[in-house]
Amino acid sequence: MMCGAPTPTQPATADTQAIADQVRAQLEEKEKKFPMFKAVEFKSQVVAGRVFFIKVQVDDDNFVHIRVFESLPHENKPLALASYQTTKADTTS
């Protein structure tokens, strides 16, 4: 791994799903309620904290890409939805 570069894309884990779940309300305030919110894959990057890039399935054929910022532990701040992109199609098939 190159210092400062994002990790390779990997399958989502239970921890990834927990991160996505924590920012779901932030996203739904800006967009709409999603019938499904399943983390599919992710990568992360260490910055002044950590950034998670998570691909989330929101219905049978649509995905949302979310970028979540986790601050440094001493800052004691909640996870924050930094940005997102909606209506992403599944490009893995």
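The values are calculated or read from the model by the stated rules, or taken from the named source; none is laboratory data. Note that the structure is predicted; figures quoted are calculated from it, not measured. Note that we place each Cβ from the backbone using ideal geometry, even for glycine, and neighbour counts take in every protein chain shown. Surface accessibility is based on the protein's heavy atoms, side chains included, excluding ligands, DNA and RNA. Shrake-Rupley method; radii C 1.70, N 1.55, O 1.52, S 1.80 Å.
I'd like the full set of residues that are assigned to a loop (DSSP other than H, G, I, E, B) and either small (G, A, S) or more than 16 Å from N62 (Cβ to Cβ) (or both), limited to region 24-48. Steps first, please.
Kept after step one, since they are assigned to a loop (DSSP other than H, G, I, E, B), are these residues of region 24-48: 31-37, 48.
Selection gives A48 alone.
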Study note, to complete from the structure: Going through region 1-46 in order, the residues found to be under 18 Å from L79 (Cα atoms), in contact (Cβ under 8 Å) with a residue 40 or more places away in the chain and open to solvent by 70 Å² or more (accessible area, probe 1.4 Å) are Q22, K30, V46
Study note, to complete from the structure: Result of the Cβ filter at 7 Å on region 47-69, keeping first residues that are over 14 Å from G4 (Cα atoms) and of a type outside the set (A, V, I, L, M, F, W, C) and partners that are outside any strand (DSSP E or B) and open to solvent by 40 Å² or more (accessible area, probe 1.4 Å), at least 6 apart or interchain, is Q57/M36; D59/P35; D59/M36; D61/D90
